[in-house]
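**Q** This structure is in structure tokens; I'll ask about it shortly.
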Amino acid sequence: MWRDARLIAGKDLLLERRSRVSLGQVAPFALLTLVLFGVALDPDRGVLDDATPGLFWIAVLFSSILAVQRSWGVEAADGARDHLRLSALSPGGIFLGKLGALVVQLLVLEAGLLVGVAVLYGASLTGWALLVATIVPATAGIAAVSSLYGVLAVGLRARETLLPLLALPVLAPVLIGATRSFEAALAGTPNEGWPWAGLLALFALAYIVAGVAAYGPLLEDT
Amino acid sequence: MEPVIDLRAAVSLLGRFPALAGVDLHVDPREIVVLHGPNGAGKTTLLRLCAGLASLAGGTGRVLGCDLRADRRAVRARVGLLGHQSGLYEELTVADNVDFWARAAGAYAEDAAAAMERLGLAGRLRDVAVARLSAGQKRRTSLACLVAQRPELWLLDEPHAGLDADGRDLLDDLLRSAAAAGATVVLASHEHDRTAGLSSRIVTLVGGVVADDTAAPALDRLVPAPPTSGVDDVA
């Protein structure tokens with residue numbers, strides 16, 4: 001399974017390196033989202049300061065939907081999905097590979113967004129240990145849920161609109177937990193954030209385990 | 001000798017429509033069988049059923065000894081399917097694609113390199129993105145992926161489509177070599193003249209059932225005796 005995961009992740013990252021879709025389209029979209037929030041809330045600087053953690057994670061969530069649509073779009077484009085089913089690759093390995101590639105892309109995106117909130121919103125990035133401990137499990141949770149619903153939606157005609165409708169409500173707990181944890185880190189009260197980071201880790205673990213178990217039937221029946 | 005394909009009254013549904021409405025088909029090892037029939041006769045569904053991609057809704061079916069009703073996934077890693085879609089990643093190069101699908105099938109980089117050489121893709125096309133290839137070149141790349149996987153059962157849907165004269169000759173040689181090396185080939189085609197000289201049997205499908213099943217006319221068109229080295233010679 002791990003060999004299969006490495007193969008799929010390597011292929012997806014190679015696709016990104018060759019096409020630069022995440023770098024050229026998803027990252028600018030995420031930054032544009034930050035800019036628009038900034039423009040909308042700038043008249044009241046206090047609101048923007050308070051909302052920075054939430055706006056950061058909303059930008060991440062919206063961008064992750066685009067990244068997942070891209071990730072499964074390439075499989076649906078010319079019948080590659082059928083060939084994945086025909087291959088000797090384990091469904092759990094395919095899920096972990098897709099998840100791994102998505103996590104790498106989202107982490108790069110989030111690094112850019114952190115710079116964005118520092119520059120555009122004037123946020124002072126403190127509490128790095130908690131920030132990292134929030135970003136890693138939250139990103140894994142977002143990628144796991146998105147990958148799970150990505151394969152579910154890919155076989156459907158209205159997948160572009162269906163995927164956000166399916167994934168975003170499920171990701172609401174990640175948005176809440178990651179926002180609370182970021183608020184604590186940026187406010188210099190990290191002790192209040194660690195329980196949220198723990199919950200995010202549990203959420204990510206649950207969805208990764210569910211994904212490994214359910215990916216076979218989902219790949220089969222959609 | 002156990003048949004490679006053994007379908008009895010096989011039914012497969014596309015939604016509620018019976019694309020296969022009771023197919024009886026028996027294919028022995030090393031045969032090259034051509035499926036003829038009008039559009040919508042069920043040729044593609046039959047190939048997908050044999051690949052374990054379409055489900056068996058009625059009748060019985062075994063492919064490479066695997067029961068299609070009980071565990072159709074078991075057969076998948078042992079068959080190679082060339083369908084209407086290329087199965088290629090447009091942004092990746094020819095070499096990237098062949099290498100990936102070879103590894104996904106448990107084959108090695110050497111198998112991918114040999115397959116590209118065999119299909120004439122090892123030169124200037126090797127590092128070209130698939131998106132920039134012509135339809136025929138894409139077809140060759142898909143075939144190279146198939147060759148690199150060294151399947152026991154080759155399932156091909158209109159494999160000559162898009163290929164130039166050299167490519168068609170190359171494909172025919174490839175299929176004969178595969179059968180000679182121990183593989184079994186089933187291909188769907190509308191090109192009766194071309195496939196008549198290639199196949200050992202012609203099966204005609206009409207309305208989801210086998211309307212005719214006849215041996216190819218000339219004995220010298222049958223594949224030669226198998227070597228002892230398995231299917232490795234194909235690539």
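**Q** Name every residue in region A:124-173 that is outside any helix (DSSP H, G or I), under 16 Å from A:Gln69 (Cβ atoms) and at pLDDT below 90, in order of residue number.
**A** First pass over region A:124-173, keeping only residues outside any helix (DSSP H, G or I): A:124-127, A:155-158, A:171.
Still in the running and under 16 Å from A:Gln69 (Cβ atoms): A:155-158, A:171.
The answer is A:Gly155, A:Leu156, A:Arg157, A:Ala158.
**Q** Tell me, which residue of region B:190-207 that is in a loop (DSSP other than H, G, I, E, B) and at pLDDT below 85 is farthest from B:Arg48 (Cα to Cα)?
**A** Residues of region B:190-207 in a loop (DSSP other than H, G, I, E, B): B:190-191, B:197-200, B:207.
Subset that is at pLDDT below 85: B:190-191, B:197-200.
Working: B:His190: 18, B:Glu191: 20, B:Gly197: 25, B:Leu198: 22, B:Ser199: 20, B:Ser200: 21 Å.
Among those that are in a loop (DSSP other than H, G, I, E, B) and at pLDDT below 85, it is B:Gly197.
**Q** OK, next. For region B:142-157, check the following and say yes or no: at least one residue is surrounded by fewer than 22 Cβ atoms within 10 Å (Cβ to Cβ), away from every other protein chain (no Cβ under 12 Å) and of a type outside the set (S, T, N, Q).
**A** Taking region B:142-157 first, the residues surrounded by fewer than 22 Cβ atoms within 10 Å (Cβ to Cβ) are B:152, B:157.
Restricting the remaining residues to those that are away from every other protein chain (no Cβ under 12 Å) gives B:152.
Checking which are of a type outside the set (S, T, N, Q) leaves us with B:152.
Yes, the conditions are met somewhere in region B:142-157.
**Q** Go through A:Ala40, A:Ala5, A:Ala30 for me and flag whichever is within 14 Å of chain B (Cβ to nearest Cβ) and either of a type in the set (A, V, I, L, M) or at positive phi (or both).
**A** Details: A:Ala40 fails: within 14 Å of chain B (Cβ to nearest Cβ); A:Ala30 fails: within 14 Å of chain B (Cβ to nearest Cβ).
A:Ala5 is the lone residue from the list that is within 14 Å of chain B (Cβ to nearest Cβ) and either of a type in the set (A, V, I, L, M) or at positive phi (or both).
**Q** Moving to a separate point now. Is there a residue in region A:160-181 that is surrounded by fewer than 23 Cβ atoms within 10 Å (Cβ to Cβ), touching a Phe, Trp or Tyr at 6+ places or on another chain (Cβ under 7 Å) and of a type in the set (D, E, K, R)? First the steps, then the outcome.
**A** In the first step, residues of region A:160-181 are kept if they are surrounded by fewer than 23 Cβ atoms within 10 Å (Cβ to Cβ); the result is A:160-170, A:172-173, A:175-176, A:179-180.
Those left that are additionally touching a Phe, Trp or Tyr at 6+ places or on another chain (Cβ under 7 Å): A:163, A:166-167, A:173, A:175, A:179-180.
Retained after the next criterion (residues that are of a type in the set (D, E, K, R)): A:180.
So far as region A:160-181 goes, yes, one or more of its residues are surrounded by fewer than 23 Cβ atoms within 10 Å (Cβ to Cβ), touching a Phe, Trp or Tyr at 6+ places or on another chain (Cβ under 7 Å) and of a type in the set (D, E, K, R).
**Q** On to the next question. Of the conditions (1) touching a helix residue (DSSP H, G or I) at 6+ places or on another chain (Cβ under 6 Å); (2) among the hydrophobic types (A, V, I, L, M, F, W, C); (3) assigned to a helix (DSSP H, G or I); (4) within 18 Å of A:His83 (Cβ to Cβ), B:Ala131 fails just one. Which one is it?
**A** (1) is the only condition that B:Ala131 fails.
**Q** Yes or no: A:Val154 within 24 Å of A:Glu220 (Cβ to Cβ) and surrounded by fewer than 23 Cβ atoms within 10 Å (Cβ to Cβ)?
**A** Considered against the rule, which asks whether it is within 24 Å of A:Glu220 (Cβ to Cβ) and surrounded by fewer than 23 Cβ atoms within 10 Å (Cβ to Cβ), A:Val154 comes out as yes.
**Q** Follow-up question, since we're still on this one. Here is a check on your reading of the model: is A:Tyr207 modelled with pLDDT of 90 or more and away from chain B (no Cβ under 14 Å)?
**A** Criteria met by A:Tyr207.
**Q** Going through B:Ala122, B:Ala135, B:Ala131 one at a time, which residue ends up being surrounded by fewer than 24 Cβ atoms within 10 Å (Cβ to Cβ), without any contact (Cβ under 8 Å) to a residue 24 or more places away in the chain and out of contact with any His (no Cβ under 8 Å at 6 or more places or on another chain)? So that I can check it myself, show each step before the final result.
**A** Numbers: B:Ala135 fails: without any contact (Cβ under 8 Å) to a residue 24 or more places away in the chain; B:Ala131 fails: without any contact (Cβ under 8 Å) to a residue 24 or more places away in the chain.
The conditions single out B:Ala122.
**Q** Could you say whether any residue in region A:12-19 is basic (Lys, Arg), touching a helix residue (DSSP H, G or I) at 6+ places or on another chain (Cβ under 6 Å) and in a helix (DSSP H, G or I)? Please lay out each step first, then the result.
**A** Within region A:12-19, the first condition is being basic (Lys, Arg), and the residues that meet it are A:17-18.
Next, only the ones that are touching a helix residue (DSSP H, G or I) at 6+ places or on another chain (Cβ under 6 Å) stay: none.
For region A:12-19, residues basic (Lys, Arg), touching a helix residue (DSSP H, G or I) at 6+ places or on another chain (Cβ under 6 Å) and in a helix (DSSP H, G or I): absent.
**Q** Note down all Cβ pairs under 9 Å where the first residue falls in region B:62-80 and is closer than 15 Å to B:Arg8 by Cβ, the second is in a strand (DSSP E or B) and acidic (Asp, Glu), and they're at least six residues apart or on different chains.
**A** Note: pairs meeting the criteria are B:Arg62/B:Asp6; B:Val63/B:Asp6.
**Q** When you go through A:Val108, A:Val74 one by one, which is the residue that is away from chain B (no Cβ under 14 Å) and assigned to a helix (DSSP H, G or I)?
**A** Working: A:Val74 fails: away from chain B (no Cβ under 14 Å).
Checking each option against the conditions leaves just A:Val108.
**Q** Taking region A:180-211, which residues are touching a Leu at 6+ places or on another chain (Cβ under 9 Å) and closer than 13 Å to A:Thr139 by Cα?
**A** A:Ala197, A:Tyr207, A:Ile208
The values are calculated or read from the model by the stated rules, or taken from the named source; none is laboratory data. Just so you know, these numbers come straight off a predicted model, no measurement behind them. For neighbour counting, all protein chains shown are included, and Cβ atoms are generated from backbone atoms with ideal geometry for every residue, glycine included.
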